[in-house]
Amino acid sequence: MAFRWPSFTRTPRPRPQAEAQTRRPRSRRFAMAVAAALTLLGTLSAPGATAAPPPGPSAIAGCVDWPTSKFLQTPLTYKANGGAGYAWQNGSHYGEGYHVNCNAAGNMNQYYALDLGMRQGDEILAPGGPGTVLYAGWAPSGWETCGQYIVVDHGGGYWSVVCHLSQILVSKGQRITDATVIGLVGGTGGFAPHLHFSLMYNAKLTAAGGVYGGQSAQPRRLFHIGCGGGYYEYINKGQQVCY
């Protein structure tokens with residue numbers, strides 16, 4: 001069950017220094033609640049003015065959506081890409097390259113995995129926020145091209161995985177929060193530095209630490225603090241993703 005992610009080739013766009021984001025010293029969960037309240041107030045003050053979200057990727061049989069009622073965040077910090085605070089979705093998108101499988105019983109289901117253009121050493125958060133680390137280390141035989149990776153259980157059968165890390169900063173069994181820096185971006189597994197992350201539902205873990213089975217989950221309603229705050233209903237190909 002060997003998996004190989006596609007080579008990372010696209011370079012993130014440079015951002016003028018004047019536009020660099022500054023850190024906001026607050027919990028992402030608190031900020032998400034504030035953003036939701038402001039959105040509601042805007043809707044109440046301007047009846048009928050609510051814009052429909054852009055159309056998302058097509059639903060794929062066998063995959064699931066990450067529940068919009070469950071916490072989900074962009075897994076980067078304000079330090080991303082030299083302080084720009086954002087990354088571009090590049091590399092493979094849904095169903096491209098080796099981002100395949102929705103519910104294959106004996107494979108790592110990665111159809112809705114995403115690649116983000118980030119630099120070696122950039123900080124990484126767990127996409128699903130609070131949870132328990134199930135595995136943190138080098139991927140076992142059959143999963144070698146994941147390099148160093150981390151699997152986090154976010155409850156209710158939902159897991160997140162981040163791959164190709166240059167350094168791991170958490171350990172198995174550790175409880176983490178939405179603000180815990182769990183690792184640093186790298187290219188382990190044979191790739192140029194970038195972040196590969198994926199979400200899964202009801203997946204399994206081999207004794208050696210390999211993820212398989214379950215269903216690939218599409219990221220839905222990812223909260224972000226940077227770029228004015230808010231959330232991304234979907235992540236489309238080539239999209240800018242803020243911290």
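Just so you know, all these numbers are worked out from the coordinates, no wet-lab data involved. Worth saying up front: this structure is predicted, and the values here are computed from it rather than measured. Note: ideal-geometry Cβ built from the backbone for every residue, glycine included; neighbour counts use all protein chains shown.
Quick notes on this one:
- Phi to ³J(HN,Hα) by Karplus 6.51 cos²θ - 1.76 cosθ + 1.60 over segment 213-229, Hz, x for Gly, Pro: x, x, 9, 6, 10, 6, x, 9, 6, 7, 6, 9, 9, x, 6, x, x
- Viscosity 1.567 mPa s, temperature 4 °C, Stokes-Einstein D of segment 110-152 from Kirkwood C-alpha radius, µm²/s: 106
- Per residue, the convex hull spanned by the Cα atoms of segment 70-242 amounts to 96 cubic angstrom.
- 3J(HN,Hα) along segment 108-115, derived from phi through the Karplus expression 6.51 cos²θ - 1.76 cosθ + 1.60 where θ = phi - 60°, amounts to 7, 7, 10, 3, 9, 5, 10, 10 Hz, with x in place of Gly and Pro.
- The 3J(HN,Hα) values that the Karplus relation (6.51, -1.76, 1.60; θ = phi - 60°) gives for segment 72-79 are, in residue order, 8, 9, 5, x, 10, 10, 4, 7 Hz. Gly and Pro appear as x.
- Restricting segment 109-140 to chymotrypsin sites (Phe, Trp or Tyr not before Pro) in coil, as DSSP defines it, with at most 15 other Cβ within 10 Å: none
- Proximity of backbone amide H atoms, modeled 1.01 Å from N, is registered between residue 110 and 100, 101 at under 5 Å, excluding neighbours fewer than 5 places apart on the same chain.
- Only Cα pairs under 8 Å and 6+ residues apart enter the sum, and on that basis the relative contact order of segment 118-227 stands at 28 percent.
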